[in-house]
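The values are calculated or read from the model by the stated rules, or taken from the named source; none is laboratory data. These figures come from a predicted structure and were not determined experimentally. Counting neighbours? That spans all protein chains shown, and the Cβs are built from the backbone with ideal geometry, glycine included.
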């Protein structure tokens, strides 16, 4: 489990990633930073498209960055939503994708522009995940 200082650093990387977001339609920038088990960090931002179904979320963008570099397992994630005062968690599609590459005990932190942060785990975000539940059999 990453330390609080490591999660702070990961959140700072997520905040930097949000600066690169392409969000002309929603005006809602999101940045994500993902920690691989070897200590490498992969970041991503949301990239919108006028056909909203083709939009990519920051969390999935970060996963794709890591997978494209040969990583398959991630231990922590930070998400920054600087256009919201309050923390905003990942959408359902991202939770599903994240569960493919993160253990239920993986640390997740998300926060907006205010001081409030939410610290949770992958298992708390997506309880009873079928991928991990079926692995028990």
- line: residue 42 fails exactly one of (1) touching a residue at least 60 places away in the same chain (Cβ under 8 Å); (2) under 27 Å from residue 130 (Cα atoms); (3) in contact with a helix residue (DSSP H, G or I) (Cβ under 6 Å, 6 or more places away or on another chain), namely (1)
Given (1) over 10 Å from the mean Cα position of the chain (by Cα); (2) surrounded by 13 or more Cβ atoms within 10 Å (Cβ to Cβ); (3) within 27 Å of residue 128 (Cα to Cα), index of the condition residue 1 fails: (2)
query: List pairs: first in the range 8-28 and under 12 Å from residue 81 (Cα atoms), second part of a helix (DSSP H, G or I) and at pLDDT 95 or above, Cβ under 9 Å, 6+ apart or cross-chain?
result: 14/58; 14/62; 17/58; 17/61; 17/62; 18/58; 21/58
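Quick check: is even one residue across the range 2-19 in a strand (DSSP E or B) and in contact with a helix residue (DSSP H, G or I) (Cβ under 9 Å, 6 or more places away or on another chain)? It would help to see each step written out before you state the result.
Just the residues of the range 2-19 that are in a strand (DSSP E or B), to begin with: none.
Looking through the range 2-19, none of the residues is in a strand (DSSP E or B) and in contact with a helix residue (DSSP H, G or I) (Cβ under 9 Å, 6 or more places away or on another chain).
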message: Can you pull out every residue in the range 57-83 that is surrounded by fewer than 16 Cβ atoms within 10 Å (Cβ to Cβ) and either within 9 Å of the chain's Cα centre (by Cα) or outside any helix (DSSP H, G or I) (or both)?
response: 69, 70, 72, 73
message: Just to be sure I understand, how many residues within the range 22-38 are over 14 Å from the mean Cα position of the chain (by Cα) and either assigned to a helix (DSSP H, G or I) or crowded, with 24+ Cβ neighbours inside 10 Å (or both)?
response: 0
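Only one of 53, 114 is in a helix (DSSP H, G or I) and exposed (fewer than 13 other Cβ atoms within 10 Å of the Cβ). Can you tell me which? Quick ask: steps written out before the conclusion?
Numbers: 114 fails: in a helix (DSSP H, G or I).
So the residue among 53, 114 that is in a helix (DSSP H, G or I) and exposed (fewer than 13 other Cβ atoms within 10 Å of the Cβ) is 53.
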statement: Expected output for the range 104-118 (first residue farther than 14 Å from residue 6 by Cβ, partner buried (at least 22 other Cβ atoms within 10 Å of the Cβ) and modelled with pLDDT under 95, Cβ below 7 Å, 6+ apart or cross-chain) is none
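This table checks each residue for (1) closer than 25 Å to residue 123 by Cβ; (2) at pLDDT 95 or above; (3) in contact with a helix residue (DSSP H, G or I) (Cβ under 8 Å, 6 or more places away or on another chain).
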position	(1), (2), (3)
28	no, yes, no
47	no, yes, yes
50	no, no, no
57	yes, yes, yes
